[in-house]
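Take a look at the structure set out below.
Throughout, read-outs are computed from the coordinates displayed, never taken from laboratory work. Computed from a predicted structure; not experimentally measured. Cβ sites come from the backbone with ideal geometry, for glycine too, and all protein chains shown count toward neighbours.
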Amino acid sequence: MLAAQHLEDMAVARATKYVPKKKPAALKRSAPINGKTASVRPLHEDDLKITALALPPGKLSPEMEAYFNKCDEKLGFVPNVLKAFAFDDAKLQAFVNYRQELVQNAANLSKLEIEMIATAVSAQNRCFYCITAHGNSVRQLGDPILGEMMVQNYRAARLSKRQRGMLDFAVKLTTTPWEVEEKDRKRLRRAGFNDRDIWDIASVAAFYNMTNRLASATDMRPNSIYHGQAR
């Protein structure tokens, strides 16, 4: 466990800096899932090289250091998307603040619904990082089958009228945004959403379209621990 934690600490410190290829000893790390312990594959060099960009690590503000510590305490690791932003504390702070605003302050969207939107949008964009991370969140907040359906084809899931309308709108906004019309907003209202909800659905979809493109552009790699959780 100490050796695995040491590798995670190295990842935070190096952020996006290139790590010379050196095959580490096979190490296994376990993470609690619903009170159980699940083993994940050994950590490899790819877990330390977060993106394809060799950006020098920056100095984190006390606020962001505290946020990283909070992530490590609650999750057992720091998500690689945060480490990728760590070369510039101002950009990291802006990313964290806006994401928190979306997730914490959506008026009527549950955390599961937000993660469903994130996963369905990411699946359309074929974003490896976000499909892996947010599919894992749906598995944990909902169930493993729902998580896999969001990744592969949300239309195969038995969704409520509310959820299906929400995802149809988010996917249309992702694939053909120029075709979004008043009829699409009316469809959401008939499904039970108000105008504030429509704004929130669009905001979540737009945010994850942005992160998808950034992750794809930089070949951002998800934490390997995601692959073994909630399965």
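Sorting the segments 82-93, 66-77 by their mean number of nearby beta carbons within 10 angstrom, highest to lowest, gives 82-93, 66-77.
Applied to region 88-95, the Karplus parametrisation 6.51 cos²θ - 1.76 cosθ + 1.60 on θ = phi - 60° returns per-residue 3J(HN,Hα) values of 9, 4, 5, 5, 4, 4, 5, 4 Hz, with x for Gly and Pro. For residue 63 and residue 176, the difference between the fully extended length at 0.36 nm per residue and the C-alpha to C-alpha distance is 36.8 nm.
In terms of packing, defined here as the mean over residues of other Cβ atoms within 10 angstrom, the peptides 195-201, 161-167 line up highest first as 161-167, 195-201.
Between rounded, prolate and oblate, where does region 111-218 land on the alpha carbon gyration tensor, with a ≥ b ≥ c its root eigenvalues, rounded for a/c under 1.5, else prolate if a/b exceeds b/c?
Details: a/c = 1.91, a/b = 1.25, b/c = 1.53.
Cα axes put region 111-218 in the oblate bin.
Among 103-109, 140-146, 181-187, sorting by the average number of other beta carbon atoms lying within 10 angstrom of each residue, highest first, gives 140-146, 103-109, 181-187. Shown is the FRET efficiency for residue 70 and residue 140, computed with R0 = 25 Å from the Cβ-Cβ distance and rounded to the nearest 0.05: 0.90.
Phi angles of region 217-231 translate, via the Karplus equation with coefficients 6.51, -1.76, 1.60 and θ = phi - 60°, into HN-Hα couplings of 5, 9, 6, 5, 10, x, 4, 5, 4, 4, 5, x, 8, 6, 10 Hz per residue; Gly and Pro are given as x. Subtracting the Cα-Cα distance of residue 89 and residue 218 from 0.36 nm times their residue separation leaves 44.6 nm of extension gain.
Model label points for residue 152 and residue 103, set 7 angstrom from Cα along the Cα-to-Cβ axis, are 2.7 nm apart.
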